[in-house]
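Q: My structure is below; once you've seen it, I'll send some questions.
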Amino acid sequence: MSFLSGGNAVFIAELYARYLEDPASVDLSWRQFFSELRDDPTALAGDFKGQGPLRRDLRVIGAPDPDAPPPAKSKPDKAAAAPPVDAAAIRQAQTDSIRALMLIRSYRVRGHLLAELDPLGLTKREFHPELDYRTYGFTEADLDREIFLDNVLGLEKASLRKILQVLRDTYCAHIGVEFTHIQDPDQKAWIQKRIESIHNRTDFTPRGKQAILERLTEAEGFERFLQIKYTGTKRFGLEGGESVIPALEQILKRGSQLGLEDAVIGMAHRGRLNVLANFLNKPYQAIFSEFQGNAAHPEDVQGSGDVKYHLGTSGDRDFDGKVVHLSLVPNPSHLEVVGPVVVGKVRAKQTHSGDLDRTRILGIIIHGDAAFAGQGVVPETFLLSQLTGYTTAGTIHLIINNQIGFTTAPEYSRSGPYCSDVAKGFQAPVFHVNGDDPEAVVHVARIAIEFRQHFKSDVVIDIQCYRRQGHNESDEPGFTQPLMYRKISQHPTTRALYADKLVAEGTVSREEADGLVGAFHARLEQEFAASKSFKVNKADWLEGKWQGIVQLADEEEFREEKTGVPIDVLREVGAGLTRVPDGFALNRKIARQLEAKREMIETGRGLDWATAEALAFGTLLLEGNPVRLSGQDCGRGTFSQRHCRLVDQEGENRYEPLNILREGQPRFEVIDSPLSEEAVLAFEYGYSQVEPNTLVMWEGQFGDFANGAQVIIDQFISSGESKWLRMSGLVLLLPHGFEGQGPEHSSARWERYLQLSAEDNWQVCNVSTPANYFHVLRRQLRRNYRKPLILMTPKSLLRHKMCISSLDEFQSGTRFYRVLAETGPLVPDEKIRRVLLCSGKVYYDLLEARIARAIDDVAILRVEQLYPWPKDAIKHQLARYPNAEVVWVQEEPANMGAWMFVDRRIEFICEESDLKAKRAVYCGRKAAASPATGLYKNHVLEQQWIVESALVGDLNQLPQPFRRATKLSRLHA
Ligand SMILES: Cc1ncc(C[n+]2csc(CCOP(=O)(O)OP(=O)(O)O)c2C)c(N)n1
Ligand SMILES: [Mg+2]
């Protein structure tokens, strides 16, 4: 029993009457409750604005409106004219109205729980106490008494029976709407009005109904055809979820009327071929040809290719004369990770096509029910939805909810009632709809796109359906869901049910409905015959913004890009970096930093890391390339080094010097990301695929946190070009270096990137000078191809006295060095006793110790780019020291860092060059489970040991890197 029932109801009715006469006479909590009770949720908004619902509420009992103009003499006030009624009748009418309002409100909140959503009828709920009129104090005897509603539900007054009927039609038929969790009163009111005004149903024209039937016929016919021609071949068919096709159609059709011009779509395996063929109009022949084992792209010979249910495509479609460009993003098997890639692409398109209000370009993500509920990247993606640096003004999410994930039933897949529940935390409305009612599906699709275009926020459509076959077409679903599948085998298809309905109501004849099936089948037969000789057109993936960019064909190692910049441009940027608007209250420490920068530029000496970076950004901007950096706290910089956004100490106004270098320059976008790695990195990857001429960077707070985005690294960044022929120039900035901070903040685990390196898939660098950093960043955009750049970035070197460059090293004619050669004053090369090869920060430790000990017969070479392996450059340098021992020095444990990657490669060089050294000796920490010690003292001892051993140790005595360490020491055998 509810607190609103029985005697309570009478008490509340009295309270309400008092509230209506004088809102201040009741307690605040009751005041809020009563104001919410009203039909129109904007009532609440009114409250916020300090005016509010009260005036309208007064009308409920016919009291005069205090603000209304005086009534005309001839038309006496309604209340005044009403015949006198006895107190008991008034009480009854009030109580009825209140109870009815409570009931109505409950349907708005919970009606979806009784909606008939499951085509199989397996999960139908019949009763919910909050949706039972008895809960509110009504009895059966009250069903036919007229209740005054004052236009709530569009009814002036109605019997309880009628009210219930309208509520069930609107909230409990084939559509269940969850929207009362939305806090924005306008959005809530909009949805309520939109669905209540038409009882949540569209009356389709006969032509509209026929169009739906046609789409269903194609969706079903395509799967059936594949089933006949390629029985048992995996295709992850859509059968059972065919309504998705007319839903997508409606989103675009209505969308095009509301300004939509471009949609980027992401989806998983389920129904993908169907969406490609029947929605994106990929030629049926092409798909059949792929089933026959032919390559999807003519260039496939160069890449690994991918299975057909992962491939993407793009093309234009015409909706009543309005053209919409569509693209389906290729995706890996890893469910849901394509979502943020889609959103990143949409953002880039919006930004660079001037879609200022973001209504021209839309992201659509199609999900599976189990994946939507289970994968953490889903809420991470929603998280980006309304953030300034990432928003795309809302994505439409379509869940193909076939009530199963592989063999796992919903009760084992999630803890909440709906697979979509996570979306509610992000204020998205959720439309649950029965997939066997295609008109209802199209109806909600229409509302969804209208909502998105109007409110610019995410919407979820949960199409509840079933999966007619096993997980794939060779799976036996009866092993695990025998009852469900018995039911499915007897269940007519969505198309058959809809055709029956249209025949019964006389919209089409039986012959017409069957004729559609036959005609489509005949068309597919023709396409099938033609597929045998199908030739793929040259793919157009390097057109548009990618024009002029080519695939890397020759050896990266021998390419040299002009990345130096004329001195006057460097000075212009330098001056801009230190400029501060008049009246800007600069933080005192920052003021000192800017002063130091100014001096660096003026004297041309001592340029540090952050200045080099800013010069790289600034010069690219002046050359017409936008720059986008996103990552946690990257505006200031994790190590307080960047400060590319200055904050006024008085008003907290923000100022970005790089955005005001020169009039008309492109945008420098620096975004402090939310605390997500996976979705943010995926987003930036998507962005980089749209914008080859923007320097797009993602920075990890510390390099190790990139492991939260490992999926994106494995599935997209390292392998995307090989699988899908899509390039990306994305840069990953990963703070790395052993400085005694413990196991977590030392290693960016770059061994992982090195292990993934092959076929020139990307570049892995660990540069050690500001100038080389400047050049490696600029190189990204100064090449005629694009490859991701994985960059280990420093921490202590940001402020290291020796880690500086001179302005000369940035000027025209200078370039990036893959290997930094020894320049120290040493004995002649042939007398060099030992060559230390290393990468990154440890170089400075070695150098300082060498100077301190006045050693002159040990040379140190820095490998700045590990992949593509600069074999020639290293060979060239090693050849200078024919009599030297070769040592690889690293800070990381032997099973980490670059050792395993370089060991054999150095050996090949020694062999090829006929050096005295046969291979490199390892000098570094022993293999370890955890990257670094948590005890600072031990760290210092370890570091000293490495440096000492490298410079003067007996190489024969060095511990075996992979022999088990004793408890006492991580270094000594
Ligand atoms: C991250 C991830 N884990 C596991 C799998 C293996 N897998 C492929 S499909 C699938 C079930 C997906 O269920 P659902 O999301 O409901 O989509 P459906 O196949 O039912 O359309 C699973 C577990 C995967 N592809 N990705
Ligand atoms: Mg499923």
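The values are calculated or read from the model by the stated rules, or taken from the named source; none is laboratory data. Keep in mind it's a predicted model, so treat the numbers as computed, not measured. With ideal geometry, Cβ positions are generated from the backbone for all residues, glycine too; neighbour counts draw on all protein chains shown.
Q: Which members of the range 719-728 meet the condition of being assigned to a loop (DSSP other than H, G, I, E, B) and either of a type in the set (A, V, I, L, M, F, W, C) or buried (at least 23 other Cβ atoms within 10 Å of the Cβ) (or both)? Spell out the reasoning first.
A: Initial filter on the range 719-728 (assigned to a loop (DSSP other than H, G, I, E, B)): 719, 725-728.
Leu725, Met727, Ser728, listed by residue number.
Q: Tally up the residues in the range 758-777 that are touching a Leu at 6+ places or on another chain (Cβ under 8 Å) and part of a loop (DSSP other than H, G, I, E, B), please.
A: Residues in the range 758-777 being touching a Leu at 6+ places or on another chain (Cβ under 8 Å) and part of a loop (DSSP other than H, G, I, E, B): 6 in total.
Q: Of all residues in the range 421-433, which are without any contact (Cβ under 8 Å) to a residue 60 or more places away in the chain and either within 12 Å of ligand 1 (Cβ to nearest atom) or of a type in the set (Val, Ile, Thr) (or both)?
A: Val422
Q: Collect the residues in the range 407-450 that are of a type in the set (Gly, Ala, Ser) and either within 20 Å of the chain's Cα centre (by Cα) or under 24 Å from Ile361 (Cβ atoms) (or both), keeping them in residue-number order. Can you show your working first?
A: So in the range 407-450, the residues of a type in the set (Gly, Ala, Ser) come out as 409, 413, 415-416, 420, 423, 425, 428, 435, 440, 445, 448.
Across the range 407-450, the qualifying residues are Ser420, Ala423, Gly425, Ala428, Ala445, Ala448.
Q: Can you tell me how many residues in the range 681-714 are in a helix (DSSP H, G or I), closer than 20 Å to Glu613 by Cβ and touching a Pro at 6+ places or on another chain (Cβ under 7 Å)?
A: Total satisfying the criteria: 1.
Q: Can you confirm whether the range 450-467 contains a residue that is within 25 Å of Tyr230 (Cα to Cα), in contact with a His (Cβ under 9 Å, 6 or more places away or on another chain) and at pLDDT 95 or above?
A: So in the range 450-467, the residues within 25 Å of Tyr230 (Cα to Cα) come out as 465-467.
When the remaining residues are screened for being in contact with a His (Cβ under 9 Å, 6 or more places away or on another chain), the result is 466.
In the following step, the residues that additionally are at pLDDT 95 or above were identified as 466.
Yes, the range 450-467 contains a residue that is within 25 Å of Tyr230 (Cα to Cα), in contact with a His (Cβ under 9 Å, 6 or more places away or on another chain) and at pLDDT 95 or above.
Q: For the range 322-335, indicate whether the set of residues that are within 16 Å of ligand 2 (Cβ to nearest atom) and buried (at least 20 other Cβ atoms within 10 Å of the Cβ) is non-empty.
A: Taking every residue of the range 322-335 in turn, at least one turns out to be within 16 Å of ligand 2 (Cβ to nearest atom) and buried (at least 20 other Cβ atoms within 10 Å of the Cβ).
Q: What's the number of the condition Asp369 fails, among (1) among the charged types (D, E, K, R); (2) within 16 Å of ligand 1 (Cβ to nearest atom); (3) closer than 25 Å to Asn281 by Cα?
A: (3)
Q: Right, next: Of everything in the range 204-259, what is farther than 15 Å from Leu516 by Cβ, crowded, with 19+ Cβ neighbours inside 10 Å and aliphatic (A, V, I, L, M)? Give them in sequence order.
A: Leu226, Leu238, Val244, Ala247, Leu248, Ile251, Leu252
Q: From Thr392, Thr407, Thr388, which residue is buried (at least 24 other Cβ atoms within 10 Å of the Cβ) and of a type in the set (Ser, Thr, Tyr)?
A: That would be Thr392, the only listed residue that is buried (at least 24 other Cβ atoms within 10 Å of the Cβ) and of a type in the set (Ser, Thr, Tyr).
Q: Are there any pairs, at least 6 apart or on different chains, whose C-beta atoms fall under 8 Å, with the first in the range 317-346 and at positive phi and the second assigned to a strand (DSSP E or B), and if so, which?
A: Glu336/His367
Q: Would you point out the residue of the range 372-402, among those that are out of contact with any strand residue (DSSP E or B) (no Cβ under 7 Å at 6 or more places or on another chain) and within 15 Å of ligand 2 (Cβ to nearest atom), that is nearest to Val696 (Cα to Cα)?
A: Across the range 372-402, the extreme among qualifying residues is Val378.
Q: Here is a further query. Mind checking which pairs have a first residue in the range 114-125 that is of a type in the set (S, T, N, Q) and a second that is assigned to a loop (DSSP other than H, G, I, E, B), Cβ under 9 Å, 6 or more apart or different chains?
A: So the pair list comes out as Thr123/Leu117; Thr123/Gln403.
Q: Out of curiosity, is Glu739 of a type in the set (D, E, K, R) and surrounded by 21 or more Cβ atoms within 10 Å (Cβ to Cβ)? Show your work before the answer.
A: On the way: of a type in the set (D, E, K, R): yes; surrounded by 21 or more Cβ atoms within 10 Å (Cβ to Cβ): no.
The answer is no for Glu739.
Q: Next question, about the same structure. Could you tell me how many of the residues in the range 825-877 are among the basic types (Lys, Arg) and in a strand (DSSP E or B)?
A: So in the range 825-877, the residues among the basic types (Lys, Arg) come out as 831, 833-834, 841, 850, 853, 862, 871, 875.
In the following step, the residues that additionally are in a strand (DSSP E or B) were identified as 834, 862.
Matching residues across the range 825-877 total 2.
Q: Another one. Only residues in the range 913-926 that are farther than 19 Å from Pro959 by Cα count as the first member; pair them with residues that are surrounded by fewer than 16 Cβ atoms within 10 Å (Cβ to Cβ), Cβ under 8 angstrom, at least 6 apart or cross-chain, and list the lot.
A: Ser913/Ala879; Leu915/Ala879; Leu915/Pro882; Lys916/Pro882; Lys916/Asn883
Q: So which pairs qualify, if the first residue must be in the range 227-249 and within 16 Å of ligand 2 (Cβ to nearest atom), the second must be part of a helix (DSSP H, G or I) and among the β-branched types (Val, Ile, Thr), the Cβ gap must be under 6 Å, and the two must be at least 6 apart or on different chains?
A: Glu242/Thr494; Ser243/Val441; Ser243/Thr494
Q: Right, next: What pairs come out if I take residues in the range 667-691 that are crowded, with 21+ Cβ neighbours inside 10 Å and pair them with residues that are assigned to a loop (DSSP other than H, G, I, E, B) and of a type in the set (A, V, I, L, M, F, W, C) whose C-beta lies under 7 Å away, six or more apart or interchain?
A: Between residues of the range 667-691 that are crowded, with 21+ Cβ neighbours inside 10 Å and residues that are assigned to a loop (DSSP other than H, G, I, E, B) and of a type in the set (A, V, I, L, M, F, W, C), the close pairs are Val670/Cys634; Val670/Cys644; Ala682/Val337; Glu684/Leu730; Tyr685/Leu730; Ser688/Leu730.
Q: Right, another one. Quick one: Asn625 ticks every box in (1) under 25 Å from Lys562 (Cβ atoms); (2) buried (at least 22 other Cβ atoms within 10 Å of the Cβ) bar one, so which box is it?
A: Tallying (1) under 25 Å from Lys562 (Cβ atoms); (2) buried (at least 22 other Cβ atoms within 10 Å of the Cβ), Asn625 fails exactly one: (2).
Q: Say we look at the range 356-366 and pick out the residues that are away from ligand 1 (no atom under 14 Å from the Cβ) and touching a residue at least 60 places away in the same chain (Cβ under 8 Å); which of these is nearest to Ile245 (Cα to Cα)? Lay out the reasoning, then the answer.
A: Quick first cut of the range 356-366, residues away from ligand 1 (no atom under 14 Å from the Cβ) only: 356-364.
Right, trim to touching a residue at least 60 places away in the same chain (Cβ under 8 Å) and you get 357-364.
Working: Asp357: 28, Arg358: 24, Thr359: 22, Arg360: 21, Ile361: 20, Leu362: 17, Gly363: 16, Ile364: 13 Å.
Among them, the one singled out is Ile364.
Q: What helices (runs of 4 or more DSSP H) lie completely within the range 413-504 and have 3 or more residues being surrounded by fewer than 24 Cβ atoms within 10 Å (Cβ to Cβ) and among the small types (Gly, Ala, Ser)?
A: Numbers: elements: 438-455, 482-490, 494-504.
Ranges flagged: 494-504.
Q: For the range 395-412, how many residues are assigned to a loop (DSSP other than H, G, I, E, B) and within 9 Å of ligand 1 (Cβ to nearest atom)? Lay out the reasoning, then the answer.
A: Here is the first cut: in the range 395-412, the ones assigned to a loop (DSSP other than H, G, I, E, B) are 402-404, 406-407, 409.
Next cut, within 9 Å of ligand 1 (Cβ to nearest atom) only: 402-404, 406-407.
Of the residues in the range 395-412, 5 are assigned to a loop (DSSP other than H, G, I, E, B) and within 9 Å of ligand 1 (Cβ to nearest atom).
Q: Conditions first: (1) of a type outside the set (Gly, Ala, Ser); (2) assigned to a helix (DSSP H, G or I); (3) crowded, with 24+ Cβ neighbours inside 10 Å; (4) away from ligand 1 (no atom under 16 Å from the Cβ). Val378 passes all but one, so which condition is the exception?
A: Here Val378 clears every test but (4).
Q: Another one. Here is a check on your reading of the model: is Pro566 touching a Ser or Thr at 6+ places or on another chain (Cβ under 8 Å) and either over 30 Å from Gly651 (Cβ atoms) or at pLDDT 90 or above (or both)? Quick ask: steps written out before the conclusion?
A: Details: touching a Ser or Thr at 6+ places or on another chain (Cβ under 8 Å): yes; either over 30 Å from Gly651 (Cβ atoms) or at pLDDT 90 or above (or both): yes.
It is true that Pro566 is touching a Ser or Thr at 6+ places or on another chain (Cβ under 8 Å) and either over 30 Å from Gly651 (Cβ atoms) or at pLDDT 90 or above (or both).
Q: Would you confirm whether any residue within the range 577-591 is surrounded by fewer than 18 Cβ atoms within 10 Å (Cβ to Cβ), within 26 Å of Tyr685 (Cβ to Cβ) and in contact with a helix residue (DSSP H, G or I) (Cβ under 7 Å, 6 or more places away or on another chain)?
A: Step one: list which residues in the range 577-591 are surrounded by fewer than 18 Cβ atoms within 10 Å (Cβ to Cβ), which gives 579-591.
If we keep only those that are within 26 Å of Tyr685 (Cβ to Cβ) as well, we get none.
No, the conditions are met nowhere in the range 577-591.
Q: Within the set of pairs 6 or more residues apart or between chains, which connect a residue that is within 12 Å of ligand 2 (Cβ to nearest atom) inside the range 458-479 to a residue that is outside any loop (DSSP other than H, G, I, E, B) and aromatic (Phe, Trp, Tyr) with Cβ atoms less than 8 Å apart?
A: Short answer, once both residue conditions are applied: Asp462/Phe431; Pro477/Tyr485.
Q: Turning to a different aspect of this structure: Might you check whether a residue that is at pLDDT 95 or above, of a type outside the set (Lys, Arg) and more than 16 Å from ligand 2 (Cβ to nearest atom) occurs anywhere in the range 308-315? Walk me through how you get there before you give the answer.
A: Let us first name the residues in the range 308-315 that are at pLDDT 95 or above, namely none.
The answer is no; no qualifying residue exists.
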